[in-house]
1. If you roll a 1.4 Å probe over the chain with all protein chains in place, what percent of the accessible area is carbon or sulfur?
2. Based on the Kirkwood radius over alpha-carbon pairs, what is the Stokes-Einstein translational diffusion coefficient of the chain at 37 °C with 0.692 mPa s viscosity, in µm²/s?
3. Mean separation of Cα pairs under 8 Å and 6+ residues apart, divided by the residue count of the range 1-108: what relative contact order is that in percent?
4. Set the bar at 18 Å for Cα to Cα. Now go through 31/72; 51/74; 5/72; 5/31 and name every pair that lies beyond it.
5. Mind checking the per residue accessible area of the chain for me, 1.4 Å probe, whole number of Å²?
6. Over the range 71-113, what portion of Cα pair distances is larger than 12 Å, expressed as a whole percent?
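The values are calculated or read from the model by the stated rules, or taken from the named source; none is laboratory data. Remember, predicted model here, so these are calculated numbers, not experimental data. Accessible surface is based on the protein model in full, side chains and every heavy atom, while ligands, DNA and RNA are left aside. Shrake-Rupley method; radii C 1.70, N 1.55, O 1.52, S 1.80 Å.
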Amino acid sequence: MIQIKRIYEQPETQDGYRILVDRLWPRGMTKERAHLDEWAKEIAPSDALRKAFGHKMENFGEFTRKYKAELKDKAEELQRIRELAEKQNVTLLYAAKNTEVNHARVLLNVLGY
């Protein structure tokens, strides 16, 4: 199983393998509190795409289309995460305030969850 969660939420044992999927380190978060197993910057949206999106709802459709296009070049990494999820729970962590409109939701969809 793969799920998404804000990195600021309390870590739980059912999170399983915890992967930060943001390109930038989350503001105010320490490495100790993050309880990360991995930081996968390479599957986060590019800086240009992240800035163009600006976490604005009206930009989400275009952002989603472009981010999915970027992820096509990350097939090996996406497959590795799917294989991890066959053995244990995987939680993709993100820092965005909006829990409905963010790149982790797009990534989860691309992974097939």
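1. After summing per-atom areas, the C and S share lands at 49 percent.
2. My calculation gives 231 µm²/s for D.
3. RCO, the range 1-108: 48 percent.
4. Result: 31/72; 51/74; 5/72 exceed 18 Å.
5. In whole numbers, the chain has 59 Å² accessible per residue.
6. Details: 566 of 903 pairs.
That fraction is 63 percent.
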